[in-house]
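Only one structure is covered here, and it is reproduced in the block below.
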Amino acid sequence: MFHTIKSSLPSLAFSIVGISAALLVSTGACQAQAWPQKQPIKILVGVAAGGTTDTIARVIAKSLSDQIGQSVFIENRPGAAQTISAEIVAHAPADGYTLLMANTPQMAIIPAILKTRYSSKDFAPISIIGSNAFVLCVNSKLPVNSLAEFISYVKARPGALSYASGGAGNVTHLSMAYFQKLAGLDIVHVPYKGGAPAMADLIAGHVPTMFASIADALPQADAGTIKLLAVSGLERARELPNVPTIRESGYPTYEALTWNGLVAPAGTPKEIIEQMEKAIMLSFKQPIVIEQLRNKGIDPVGSSAADFASTIAKDIKLWQEIVDVADVKEK
C-alpha cells in the first residue's frame, strides 16, 4: 500500500524572516579565522553551467566571498547522475575548503535508485539556499484546461498517453509517478536526456504532458505553446498566483519540491560550519541575493544547519517511498 507522506522543507517565512538577533553581526565578525589558511574555497556543482543548481551556487558564492573575506569559486563536475561531484566532496579533506552545492536528487533520490559511493552521513549540512516546485504542463492543443479535466482525459485513455521527463529517476519523472499513483492514472513515461529536450518535444506535441520547473515552463506558457494546470508545492507559486496547487485540487498529501543547499564533508570543524551558516543568513539580508534567486524561479530559503539536516533525513524517507512506487530502482 502506498502511504501518505508529509512535507519536510522548512518554512520559508521562518527561514528568511525569523533570523535571530544573534545573527545581526557585522561582516567583520563573519571573517573570524575559522579557516587555518587564506586560500580559495571551492564549491563543486554536479551539473553543467547554466542549470538551476549552478545558478544558485554562483549567486551565493559571490555573497559568501564578501561575507567571509575569502575567495569562493565554482567548479562544475557533471556526470554519472551528479554522483561524481558528491563523491569528490564526500571524500575530500574536512577542512572547509571543498564544499558541495547539493540538491535533492544527490542526497535523497539517486542513492535510493543506484549504488553510490557516498551517503548523506558523509556530509555536514550548512544551509538550504533555495527551493523550487514544479508545474504540470500540457501541450497547448490538448483539450484540457484544469487538473480535473486532465485527469478525466487521461482516465478515458488508459495507457494511450505519455509524459516526458528530464530522465529516469529525475525529480520531474518521480513527480509524475507519484501523482499517477494518487490519481489512479495509467500514462507511459518517456525519459529524455535533460529538461530542455523534454520541453522541446512537449511544445512540438510529440508528448502531451510533463512536470517542469516553473522557470522553464513560464516563458513557454507566456508564448502560448503550453498550458499550466497545477503546481507541485505546498502553496501557489509567487510567479503563478492563478495556478492552483495539486494539494488544493483534491490531493492533500501530494508534494514534490527540490532544494539546493551547501554541505561540507563530514567532520568539518564546527566553527567553520557555524561561520558559513552565519554568512549565508547574512547574505539573505541582501535584497540583491533574494532578487537574483527569485528571478530564476527559485524560492530563497536560508535555513539553519539543523533544519537542513532534518530536511535531508525526512526527504530520504519521502523519496525512497516515491522511488518504490515508480519502480525505478536499479535491479
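The values are calculated or read from the model by the stated rules, or taken from the named source; none is laboratory data. Being a predicted model, the structure only gives us computed values, none of them experimental. A quick note on method: Cβ atoms are made from the backbone with ideal geometry, for glycine too, and the neighbour counts reach across all protein chains shown.
Which of the residues spanning segment 209-223 are over 19 Å from the mean Cα position of the chain (by Cα), touching a residue at least 24 places away in the same chain (Cβ under 8 Å) and either surrounded by fewer than 22 Cβ atoms within 10 Å (Cβ to Cβ) or under 23 Å from Asn103 (Cβ atoms) (or both)?
Gln220, Ala221
Does Ile322 fit the bill of being of a type in the set (A, V, I, L, M, F, W, C), in contact with a helix residue (DSSP H, G or I) (Cβ under 6 Å, 6 or more places away or on another chain) and not in a loop (DSSP other than H, G, I, E, B)?
yes
Exactly one condition in (1) polar (S, T, N, Q); (2) touching a residue at least 12 places away in the same chain (Cβ under 8 Å); (3) closer than 29 Å to Asp324 by Cβ is false for Gln180; which is it?
Every condition holds for Gln180 apart from (2).
Give just the number: which of (1) under 23 Å from Phe211 (Cβ atoms); (2) at pLDDT 90 or above; (3) buried (at least 20 other Cβ atoms within 10 Å of the Cβ) does Thr52 not satisfy?
(2)
List the residue pairs whose Cβ atoms are under 7 Å apart, where the first residue sits in segment 228-239 and is of a type in the set (D, E, K, R), the second is assigned to a strand (DSSP E or B), and the two are 6 or more positions apart or on different chains.
Hits for this filter: Glu235/Thr245; Arg236/Thr245.
Does segment 90-99 contain any residue that is part of a strand (DSSP E or B), within 15 Å of the chain's Cα centre (by Cα) and either touching a residue at least 40 places away in the same chain (Cβ under 8 Å) or surrounded by 24 or more Cβ atoms within 10 Å (Cβ to Cβ) (or both)?
no
Quick one: in segment 250-282, of everything that is in contact with a helix residue (DSSP H, G or I) (Cβ under 9 Å, 6 or more places away or on another chain) and surrounded by fewer than 19 Cβ atoms within 10 Å (Cβ to Cβ), which residue is farthest from Tyr118 (Cα to Cα)?
Only one residue tops the list, namely Gly250.
Among the residues of segment 55-102 satisfying the criterion of being within 24 Å of Lys193 (Cα to Cα) and among the hydroxyl-bearing types (Ser, Thr, Tyr), which is modelled with the lowest pLDDT?
Only one residue tops the list, namely Thr55.
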